Amino acid sequence: HIVPDWTSKNKVFNFMINKLRPHRARLLKIIKNLKLTNFTYSLPWLENTITNLPVTNYMIGSETQMPQGIKSGSVRNCETYKYLLQKNVFEPSCISLITEPGYIEKEALLSEKTIMALYGGTIPIWVGGWRCAEALQNLGFDVFNDVIDHGYQTISDPWDRVEKAIYLNVNILQDFAINDSILSRLRHNYDLMISGVFKNEVQKQLKGIKHA
């Protein structure tokens, strides 16, 4: 059972990178170039060959580290979140820079990375994600369009999408704090998530395929 605690959000944003992909390497470089410093992160590599940001050692013990990545093996995503990422990465931060595996394809992909951002009580930005904000909003989630510029999500060129996700929101990534109003909206997202909205959507789509 995961019990949220959002009372100590003193970092502006977080990011979580496992396997090295081009858009994730670009995110590391942008963070360095913009000299952003107020963040938490997970980078479980043996060596960071992209920037001088130190690697992290968040491991339960049975994982296998690779030069740029980690094999979780039998460790489940919920265990990784609860024991490694909840207190170290997500809950201390206000915004999640989410790097879903797909960024070239024009399709919305929402994985455990998005789920963890919601569990952690953070505002999501999908770095390179195609219409991910729209997909989540269609399920009833608040994607904070009044706070975040999600204009990047429909940019045709995937590389431009990656860059604009950060540059359209650079001011807020430099300085941002959570207030009670935003906390209430984050709680709405959490409550909606644990209500089974994703399971219901999967069942709805499977039913559509069955009757197609």
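The values are calculated or read from the model by the stated rules, or taken from the named source; none is laboratory data. Everything numeric here is computed off the predicted structure, so don't read it as measured data. Cβ: placed from backbone, ideal geometry, glycine included. Neighbour counts: every protein chain shown. Areas reflect the complete protein model, heavy atoms only, side chains present, ligands, DNA and RNA absent. Shrake-Rupley method; radii C 1.70, N 1.55, O 1.52, S 1.80 Å.
General observations
- Along the axis of the charge dipole computed for the chain (Cβ charges of +1 for Lys and Arg, -1 for Asp and Glu, origin at the Cα centre), the listed residues A165, A25, L136 are led at the positive end by A25.
- Our coupling estimate for segment 85-98, obtained by passing each phi through the Karplus curve with A = 6.51, B = -1.76, C = 1.60 and θ = phi - 60°, is 9, 4, 8, 8, 10, 7, 5, x, 10, 9, 10, 10, 8, 9 Hz, Gly and Pro reported as x.
- For I123, residues with placed amide H under 5 Å, excluding near neighbours: I95, S96
- Of the residues L46, L85, L173, the one that moves most in a GNM of the chain with alpha-carbon contacts below 10 Å is L46.
- Share, in percent, of DSSP beta bridges within segment 1-136 that are antiparallel, nearest 5: 20 percent
- Here the accessible area is traced with a 1.4 Å probe on the protein chains. For the chain, carbon and sulfur cover 50 percent of it.
- With all protein chains kept in place, the per residue accessible area of segment 102-181 amounts to 43 square angstrom at a probe of 1.4 angstrom.
- Rounded to the nearest 20 debye, the dipole size of the chain about its Cα centre is 420 debye, using +1 on the Cβ of Lys and Arg and -1 on the Cβ of Asp and Glu.
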